[in-house]
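*Asks:* Before I ask anything, let me first share the structure, which is written out below as structure tokens.
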Amino acid sequence: MIMTDKTSVIAEKYEELRKIDVHKLGIVEKKKTGLKDLDYISWANALDLLKTHDPNTTFTYDTDKEKFYPDGTMMVQVTLHALGTVQTEIMPVIANGNKAIQNPNSHQINTAYKRCLAKCISTTTGLGISLYAGDLGINEEEDQKKS
């Protein structure tokens, strides 16, 4: 694949943002799932951090793309415009334990959209991607200090 100037800039910005140690920023929260605690960044903190790097960031909740399944569960979708690129993510409406909720209510659907936004910010920009990757190899220097 040939990199244009635009894709090169996007790749450089992603590389820069993925190296930010979100733990040191004090914005990582813990979620109890029943199996193990998961680290995450709230949608508000993720969006705030991203907007400090790209004030032109926008997003949409793609409510016209909601997908309902025969078992009563559903999937939501968010589209993010950031760093000169556009990316869409999907996420099921889930409860603690990351289990899909049957016949979710409006609060559960709203929460899923917010979680999907945080996920989309991470996968599009690299911010907090280490949380999804289990902190492996993102901050190699820090990982070695922890060992």
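The values are calculated or read from the model by the stated rules, or taken from the named source; none is laboratory data. Predicted model only: the values in this text are computed from it and were never measured. All Cβ positions, even for glycine, are placed from backbone atoms using ideal geometry, and neighbour counts span all protein chains on display. Side chains are part of the model used for accessible areas, which takes the heavy atoms of the whole protein and leaves out ligands, DNA and RNA. Shrake-Rupley method; radii C 1.70, N 1.55, O 1.52, S 1.80 Å.
*Asks:* Tell me which of Ile129, Val93, Val78 sits at the most positive position along the dipole axis of the chain, charges placed on C-beta atoms (Lys, Arg +1; Asp, Glu -1).
*Replies:* The listed residue farthest towards the positive side: Val93.
*Asks:* How much mean residue ellipticity at 222 nm does the chain get from its helices, if each DSSP H run of length 4 or more adds -39500 (n - 2.57) and you divide by all residues, to the nearest 500 deg cm²/dmol? Kindly include the intermediate steps, with their values, before the conclusion.
*Replies:* Numbers: 5 runs with 56 residues, N = 147.
Helices in the chain give a 222 nm mean residue ellipticity of -11500 deg cm²/dmol.
*Asks:* Still on this structure: So the label point goes 7 Å from the Cα of Glu16 along Cα→C-beta, right? Which residues of segment 36-50 then have their backbone N under 20 Å from it?
*Replies:* 46-50
*Asks:* Here's a follow-up. Looking at the chain as a GNM with Cα springs under 10 Å, which of Ser42, Ser106, Ser130 has the largest mean-square fluctuation?
*Replies:* Maximum among the listed residues: Ser106.
*Asks:* GNM, the chain, Cα, under 10 Å: largest mean-square fluctuation among Leu83, Leu127, Leu25?
*Replies:* Leu25
*Asks:* Among Ala82, Ala133, Ala44, whose mean-square fluctuation peaks in a Gaussian network model of the chain (Cα, cutoff 10 Å)?
*Replies:* Greatest mean-square fluctuation among the candidates belongs to Ala133.
*Asks:* State the percentage of accessible surface on the chain attributable to carbon and sulfur atoms; use a 1.4 Å probe and exclude ligands, DNA and RNA.
*Replies:* Values: 4800 of 8920 Å².
It is 54 percent, rounded to a whole number.
*Asks:* Compute the accessible area per residue over the chain, keeping the other protein chains in place, probe 1.4 Å, unit Å².
*Replies:* On the way: 8920 Å² over 147 residues.
Per-residue accessible area for the chain comes out at 61 Å².
*Asks:* Could you tell me the relative contact order of the chain? Use alpha-carbon pairs under 8 Å, at least six residues apart, and round to a whole percent. The partial results should precede the final answer.
*Replies:* Working: 218 pairs, mean separation 38.3, N = 147.
The value is 26 percent.
*Asks:* Let me ask you something else. Using a Debye calculation, one point per C-alpha and no hydration shell, please list log10 I(q)/I(0) for the chain at q = 0.10, 0.20 Å⁻¹ in order.
*Replies:* -0.39, -1.26
*Asks:* Subtracting the Cα-Cα distance from 0.36 nm times the residue separation, let me have the gained length for Thr7 to Thr88 in nm, one decimal. Walk me through the intermediate numbers first.
*Replies:* Details: separation 81, 0.36 × 81 = 29.16 nm, distance 1.74 nm.
Taking 0.36 nm per residue and subtracting the Cα distance, the gain is 27.4 nm.
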